[in-house]
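The values are calculated or read from the model by the stated rules, or taken from the named source; none is laboratory data. Values in this document were obtained by computation on a predicted structure and should not be read as measured data. Virtual Cβ from ideal backbone geometry, glycine too; neighbours counted across all protein chains shown. With ligands, DNA and RNA removed, areas are computed over all heavy atoms of the protein, side chains included. Shrake-Rupley method; radii C 1.70, N 1.55, O 1.52, S 1.80 Å.
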Amino acid sequence: MNPSLLLLPTNQPPTTTFINPTPKIHPKRRRNYRLLSTTIRSSSTSVLDKPKPDVFGGKKELTTIQSLVDAMSPPVRIATSALVFAGAIAAGYGLGVRFGGGSRNAGLGGAIALGAAGAGAAYALNSCVPEVAAINLHNYVADFEDPDALNKQDIEAIANKYGVSKQNEAFNMELRDIYCRYVSAVLPTGTEELRGNEVDTIIKFKNALGIDDPDAADMHMEIGRRIFRQRLETGDRDGDMEQRRAFQKLIYVSTLVFGEASAFLLPWKRVFKVTDSQVEVAIRDNAQRLYASKLKSVGRDIDVNQLVSLREAQLAYRLSDELADEMFKEHARKLVEENISIAVGILKSRTRATRETTRVIEELHKILSFNNLLISLKNRADASRFAPGIGPISLVGGEYDGDRKMDDLKLLYRAYVTDSLSSGRMEEDKLAALNQLRNIFGLGRREAETMTLDVTSKVYRKRLAQAVTSGELEAADSKAAYLQNLCEELYFDPQKALEIHEEIYRQKLQQLVADGELGDEDMKALERLQVMLCVPKQTVEAAHADICGSLFEKVVKEAIAAGIDGYDAEIQKSVRKAAYGLRLTREVAMTIASKAVRKIFISYIQRARGAGSRTESAKELKKMIAFNSLVVSQLVADIKGESSDTPPEEIRKEQVEQTDEEDEEWESLQSLRKVKPSKVNLRKEIQTEITLKDDLPERDRTDLYKTYLLFCLTGQVTKIPFGAQITTKKDDSEYVLLSQLGSILGLTDKEIVEVHRSLAEQAFRQQAEVILADGQLTKVRMEQLNELQKNVGLPPQYAQNIIKSITTTKLAAALETAVGQGRLSIKEIRELKESSVDINTMISESLRENLFKKTVDNIFSSGTGEFDEAEVYENIPKDLNINADKAKKVVHELARSRLSNSLIQAVSLLRQRNHKALVSSLNDLLACDKAVPSTPLSWEVPEELADLFITYVKSDPPSEKLSRLQYLLDLSDSTAETLRAMKDKALPNGAAGEEEFVF
């Protein structure tokens, strides 16, 4: 068996069998401990109050010699031993002389023999003294009805009586035996719990016996061995659990008895293979049980003395502050849960009455009082002397901590709110109590506010109804001040009060409008209610728009549902009655009608989009136009109370008064002239207030308009057998419908003009691009384009823009190609600019930069030797519209690279005897030097530089060029003069004069 299993939790079954051997017991103690084990095992009750007399066993009987020793005092026993020894010697001497023939030696022999026997008798008499003292000690203790009355002096008197020391083996063994029996009797057996005074009782008895701590600790270990053996003997599950609990209690009590010394006096780990953590668990569990039993005496009326006593008990039990804090809070929570359970039971009772509701509030008051008491105790200055855990109550971790029980807590909270408002007002102390109750129940702020608002709203409605019924509110000088005071008494949010006022007003309005219209008396009643409740004007208008508007919306939908053929005089009468009788403003009525009508319009639009062809789409749009003309226009007229035959003055003025600029726009296209509003068709105009401008994007609206416009332009296409189709031409009446469609779609005049123009431009551009495929505009092609422009109906200025766009695009492509292939010079660029060609748009910037680079490169390779800074740095960049600074950097880079290349090329031409090209190359060298002045050049063969110079001299160059070339070739003045003097001689490297060349 692993002894550490004795410290497993009591609810955990043993998992292994006993395998360790039984601990060894000293042979001299085995008999006594076997008797002890049997005696203690038969005892099943604690001896804390009054141990039974047989706890220490019955009295022990003395033998004859022990009785003799017991009757003697130590001096008498010593004297008697001396007399016995002396008498034995004398007797032996006499007998030896007598039987030895009077010989003195025989007498001495006899004296020695009987003296030895007398000494043995004396030794036997003295050796049983410790046993007699131990028996008397046992009998003395066994005679006590209450072992607690035993004192240390009595034990010492027994030892002194027999002249023995407590360290004597027999006497000490009896002390240990008595202590072991007592401790075993004091410790509860089985599943009994500790009472809490075991430690003090054992310590007192230990001190009374005068037993040393090591001996006492040895007895505690012996009791552990006894529990160990009993577990072996038991073998069943229940017995195993009892022995485990007993072993844990032994460890806990023993640790408290010996205090700090228990660490080395009680070797649990070495003897029983028990870990430190298992010892800590045993101490913790038993300390918790003892503290829990102590907490049972704590009620809701806890006082300072109880808290101090709890703190002392906690320290005595060696319970940590964390566990003590948790246990106290749990105890307080259980006390509160009892009140909650009672209150919830009453609330859920079917036979609940007013008296029962009062009991619910009483239980809640008990909770609040207990919570206030704990808070006040926590806030005391000497709170450190109290048991841990004092503070506000929380239900977390208890029976009511969960969603399933939260509804019960909400019922209680609502009940307390209702009781707090039972007087018609909310007191400050009640408000504070509600906050505490919310914290105790763990309710969220929003949940608590919702319940409070619900109850307070009902109370506010009740008090408001009383004020209105009694006339108190109407008689008040300031209705707003009266209502504000009412909100303050109930701690009610004024904004919520306004919402209630709005609801009351809406209910009143619904009652009055039940017959379909509002009379003058109804409006007066509503105005009186609005004034009393201080309902804002916008709120009243919103209520009328909602309630009356819903009734009006129903009438409008019925009128619309009647369709084109069903909108008769009866429906017109119902619309006019609803529009006036419901006292709706014209704006509200039109808003309601617009919403319903626009839904119908959208349905037509959806069908038009889903149609398979342009003709079918146009048919659906036609239906929408007819619906708008015959139904919607009449509906709007009925709502406004106007005749549908005569348009309003505002519309007439808007349609007739047109500026010259607008007239010019409408006259620019043939199709536009047909849809232009005129004085002739004013009486045929439809309503224009309800449109789809805000329901559809501009692109969708213009696409629908364009669809019908194409239908007007192309006519209706009808398919016939054999794959052919017939196009039916349309008259100008279709354009009238197109104009009405534009109004329904909410298109402005500018947007309509743009649609017509874009369509005409699209048609003109498609055919113009075919005519101008190569970008060349001839006289014949211009005549074709003019004829096309007339056929399409596009104004001349727009046609010219399209023609220019096409030709420009073609020209731009050609220019891009010419620049890329190097076929375009700066001269041609200037000619194009003179012809008003925009170079910036025609040629990209990168190509213009490349053109500049090629132009400069041509200057450096022209062979003239000229370089015009103003032309290169200013004029050419300006003509090409490139950055001047950037152009200058390009020139410098080219000049530096061309300078050295020109010298190499000149030498190469010299060797080839190409004197003319050589002179051009040297001129290029001088041109590069003008762009970027250079230092004298070096060459590996100086003679060739002289040949270059003399060849250039023979070409009769200007003096400044010749002087600059001399500097660049690094020739001295004397050398240069010599070379000039040889001007008329043959050219260097010539076939005839080669030997005459000085170098």
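Applying 0.36 nm per residue to the separation of Q436 and T864 and subtracting their alpha-carbon distance, the gain on full extension is 143.4 nm. Simple spin-label estimate for E338 and D401 gives 2.0 nm between the two label positions (7 Å along the Cα-to-Cβ direction from each Cα).
Given their separation in residues at 0.36 nm each and the Cα-Cα distance between them, D565 and D321 gain 78.7 nm when the chain is fully extended. Between amide H atoms placed 1.01 Å from N, distances below 5 Å from T189 occur with no residue 5 or more places distant or on a separate chain.
Computed from label points 7 Å out along Cα-Cβ, the spacing between S423 and E356 is 2.7 nm. When the C-alpha to C-alpha distance is required to be over 24 Å, the pairs from K152/K294; K294/K334; K853/K930; K537/K599; K410/K430 that qualify are K152/K294; K537/K599.
Among 261-274, 242-255, 942-955, what's the highest-first ranking by average C-beta atoms within 10 angstrom per residue?
Highest-to-lowest ranking by the protection proxy: 242-255, 942-955, 261-274.
Across region 455-472, rounded Karplus estimates of 3J(HN,Hα) from the backbone phi angles (6.51 cos²θ - 1.76 cosθ + 1.60, θ = phi - 60°) give 5, 5, 4, 5, 5, 5, 4, 5, 5, 5, 4, 4, 5, 6, 5, 6, x, 5 Hz, Gly and Pro being marked x.
At a 1.4 Å probe radius, which order do D956, D929, D565 fall into by accessible area, largest first?
Largest accessible area first, the list is D565, D956, D929.
Derived scalar couplings between HN and Hα for region 587-600 equal 5, 5, 4, 5, 5, 5, 5, 4, 4, 5, 5, 5, 5, 5 Hz in order, rounded to whole Hz, by the Karplus curve 6.51 cos²θ - 1.76 cosθ + 1.60 (θ = phi - 60°), x for Gly and Pro.
The label point for E330 and the one for E616, both projected 7 Å from the Cα toward the Cβ, are 7.9 nm apart.
Note on K889/Q797: beta-carbon distance plugged into 1/(1 + (r/R0)^6) with R0 of 45 Å gives a FRET efficiency of 0.50. Computed 3J(HN,Hα) for region 208-213, one whole-Hz value per residue from the Karplus formula 6.51 cos²θ - 1.76 cosθ + 1.60 where θ = phi - 60°, is 5, 5, x, 7, 6, 4, glycine and proline marked x.
Computed on region 163-221, with alpha-carbon pairs under 8 angstrom and 6+ residues apart, the relative contact order is 44 percent.
Full extension of the chain between D956 and S309 gives 219.7 nm of extra length, using 0.36 nm per residue less the Cα-Cα distance. Contact order for region 412-514, expressed relative to its length and based on alpha carbon pairs under 8 Å spaced 6+ residues apart, stands at 29 percent.
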